[in-house]
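Have a look at the structure below, then the notes.
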Amino acid sequence: MSKAADIIKNALNEGRTFLLENESKTIIAEYGIPTTVFEVASSPEEAVSKAEKIGYPVVLKILSPDIIHKSDAGGVITNLKNADEVKEAYNKIIENAKKYKPDAKINGVFIQEFAPLGIEIIIGMVKDPQFGPAIMFGLGGIFVEVLKDVSFRVAPLTDKDADDMIHEIKGYPLLTGIRGQKPADIEALKKTLVGISKLVMDFPQIKELDLNPVFAYPDGVKCIDARIILEK
Ligand code: ADP
Ligand code: MG
């Protein structure tokens, strides 16, 4: 069985419809989408040894089936540069999570490489009652929150659909390198869209999917945060 099938089956058996970030990232990696390197730890000491394996700087995040929006819970601390900072962040994240939701189940802490900032992209999937899974593409931050500058296509996506979606958003010029910025890797963004389309076609059990953000670089992309919600 594929890793994706295994993770989905396992979550549903446990009565969970929300996949943890490590589970979601393992699934999308199987569909060819680059993600941050990651490890899971369940003590401050383990967090340090995992951080050392990944290499500093690192990011720590809460892993809890009861906390969907991690930063709302004080559950994301970025740019940690040494063992002391990692230990302190570990304890702080657990403390914040307990304050935020005293009965939250905590599976540990997720440790990942601190990725250099790229152009922030959002890729999502929502299900339309009539047309089925639709893929969304947009620029992150204010572009999606304030300007709603996004494009949609019903899955499955062809290469051409992915290309059209990227060109359609009003913010497209930002991806081509304005004001001396380097352009984003459009081919890698297209591959990401097509990979997500294939994933949601393979697994109708996926109800919602949200890659927010994906960082786009001149050479490649990297998924920074992934969330998958399953059908009940
Ligand atoms: P949330 O569940 O709140 O959406 P995220 O995983 O998206 O949590 O983290 C919040 C923000 O922290 C991201 O939007 C990004 O700006 C930053 N961030 C998270 N992980 C990383 C990382 N590995 N490298 C660099 N920045 C990160
Ligand atoms: Mg996020």
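Read the figures in this text as sums done on the coordinates, not as results from a lab. Owing to the predicted nature of the structure, the values given are computational and were not obtained by experimental measurement. Note that each Cβ is placed from the backbone with ideal geometry, even for glycine, and that neighbours are counted across all protein chains shown.
Structure values in brief
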quantity	calculated
Environment charge of Asp185, counting only residues whose C-beta is closer than 10 Å and scoring Lys/Arg +1, Asp/Glu -1	+1
Residue-count net charge about Ala73 - beta-carbon cut-off 12 Å; Lys, Arg +1, Asp, Glu -1	+3
Listed pairs Lys160/Lys198; Lys3/Lys98; Lys170/Lys190; Lys148/Lys198; Lys61/Lys92 exceeding 20 Å between Cα atoms	Lys3/Lys98; Lys148/Lys198
Rounded to 10°, Cα long-axis angle of helix 159-168 versus longest principal axis of the chain	90 degrees
Sum of side-chain charges, Gly140 neighbourhood, beta-carbon under 11 Å (Lys, Arg +1; Asp, Glu -1)	-4
Residues listed by number, segment 34-52, amide nitrogen under 19 Å from Asn82 label point at 7 Å toward C-beta	44-52
Note, ³J(HN,Hα) from phi for segment 55-68, Karplus 6.51, -1.76, 1.60, rounded to Hz, x at Gly and Pro	x, 6, x, 10, 10, 10, 9, 5, 10, 9, x, 9, 10, 7
Tilt relative to the chain, helix 44-54 - C-alpha long axis, 0 to 90 degrees, to 10	40 degrees
Using a Förster distance of 45 Å, the FRET efficiency for Ile142-Asp6 (Cβ separation, nearest 0.05)	0.75
